[in-house]
Amino acid sequence: MSRATSRAGSRAAPEPLGARPAGARAVDVAIVGAGPVGLLLACLLAARGVDVVVLERRAEPGGRTRAIGIHPPGLAALDAAGIGASVRREATAIRSGIASCQGRRLGALDFGDDPVLSLPQHRTESLLEARLAALAPRAMHRGVEMTGLRESGSRVMVRVAGDETGWRARYVVGADGVRSTVRKMLGAAWIARPGFARYAMADAPERADPSASALLHLEPDGVVESFPLPGGVRRWVARLDEGAVTDGRRFAALVESRTGTAIEALAEPSEFIARQHLASSFARGRTALVGDAAHEVSPIGGQGMNLGWLDAVHLDRAIALALETGAPREPFAHYDRARRSAARRAMRQAAFNMAMGAPAHGMRLTTRNALVGLLSRRPARDILARAFTMDGLSTGSMPRSAGQSTRTSAPRRGLGGEDRCTPD
Ligand SMILES: Cc1cc2nc3c(=O)[nH]c(=O)nc-3n(C[C@H](O)[C@H](O)[C@H](O)COP(=O)(O)OP(=O)(O)OC[C@H]3O[C@@H](n4cnc5c(N)ncnc54)[C@H](O)[C@@H]3O)c2cc1C
């Protein structure tokens, strides 16, 4: 019996043994996918004593260069998982954002005492995986691809490639990214939302701004953004409207032609397409979706991973409640409503950011620049700074049991006492 089971008391009776493949391993929660969101949720559940496994098809951790920005509510979620102090130690703090056009400063945003931190995603994932190994040494299963799910009574049977036995879980979480197999198995629609553009990005040695500001060059031919990274490096991201940027030299030439800043790319640039999608449902029966499996948010504005962490904070509580009562319906329905609403808000913000960075000439450019100037003055400036640091993506409260409720998102400074586990 798992530690969570022994604590929980009243649970639904197990289904008849005939309904499962012989030898299927029993577990409270099976999480499919060990990206930053699946890992964080696993840490939160393991810290509660829930018997959790993470099934990840990659045999080795990836070194993909994707997210870098960690916003204050995301940092509070990392604190709850027990790696906040390590992240603060390794990350670079971005304290302000400066917008300019053709060498003229349009405005600046000050993130005050709650800076956005920058740390490469693979580093954050490593810290989370090490934390999970400390909390639950047998939870992580690499090289395991989930291929099928079947809900039967109070369990979900999880099939995996090349293994007849599989798993038998009370709850399953799809943290398996944008192309989520779990989402397809749930039958949830993948609904396109406004916001679409192409970008190229590369890292280069820091020369532009030793003060660690994010720089937004809102240029007539399209935005160029740059962000400081640890180790004296800066990430450059440029909007592309035509053609491809095939090598570091061409990328550097594009950045210099738009911004006047000479850079030397440390590696070949990578291109990505920013799109937005929302799953029609985040939970069905005993299975829930989190992170990119539930929502694809444009990286422009950099909120996808952080939003996923806030999903995980909410889902951790929903699962704990479901395990306690044996009734997932109400906590999962609340999770579904609250997190879809938060994702819609983050997508609106990202669509606005993308529109501001589109090529603009003549009257359109003048109007856009005037708007940026206006937005960087009070009171709009404070509202915008809060939006950029994801302050206010609160999701209200979730019923814990009759008459009780608890906050389900990270407030600006921490998650509150009950969510903290021993810090790293
Ligand atoms: C260029 C770029 C920059 C970005 N910058 C930011 C940023 O600054 N801030 C921010 O918040 N977000 C940013 N994002 C978004 C961020 O990278 C994603 O939101 C984040 O990776 C989502 O994490 P996840 O754990 O939900 O999914 P993923 O990271 O996609 O992880 C899913 C995991 O599931 C595994 N998997 C898939 N299918 C199966 C299966 N059947 N069985 C077992 N395992 C499976 C995959 O191998 C993978 O490891 C950026 C994205 C891009 C592309």
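Taken together, the values in this text are just the output of simple stated rules run on the coordinates, not laboratory data. The structure presented is a predicted model; accordingly, all values stated were derived computationally and were not measured. Neighbour counts run over all protein chains shown; Cβ positions are idealised from the backbone, glycine included.
Tabulated values for the structure
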quantity: Summed side-chain charge close to residue 179 - residues other than residue 179 whose Cβ falls under 13 Å, Lys, Arg +1, Asp, Glu -1; calculated: 0
quantity: 245, 297 arranged by Cβ crowding within 10 Å, fewest neighbours leading; calculated: 245, 297
quantity: Amide proton proximity set for residue 229, modelled H, under 5 Å, gap of 5+; calculated: 234, 235
quantity: J(HN,Hα) series, the range 149-165, from Karplus relation 6.51 cos²θ - 1.76 cosθ + 1.60, nearest Hz, glycine and proline x; calculated: 10, 8, 7, 9, x, 9, 9, 10, 8, 10, 8, 10, 5, x, 8, 5, 7
quantity: Full-stretch length increase - residue 142, residue 348 - with 0.36 nm per residue and alpha-carbon distance subtracted; calculated: 70.6 nm
quantity: Amide H contacts of residue 140 (H built 1.01 Å from N, under 5 Å, at least 5 apart or other chain); calculated: 54
quantity: Residue-wise HN-Hα coupling along the range 347-361, computed from phi with Karplus coefficients 6.51, -1.76, 1.60 (Hz; x: Gly, Pro); calculated: 5, 4, 4, 5, 5, 5, 4, 5, 5, 5, x, 6, x, 8, 9
quantity: 3J(HN,Hα) from dihedral phi, the range 237-252, Karplus parametrisation 6.51/-1.76/1.60, rounded to Hz, x for glycine, proline; calculated: 10, 10, 6, 10, 10, 9, x, 10, 9, 8, 9, x, 5, 5, 5, 4
quantity: Placed amide H near residue 106: partners under 5 Å, 5+ positions off or other chain; calculated: 99, 100, 101
quantity: Proximal charge balance of residue 63 [Cβ under 12 Å; K/R count +1, D/E count -1]; calculated: +2
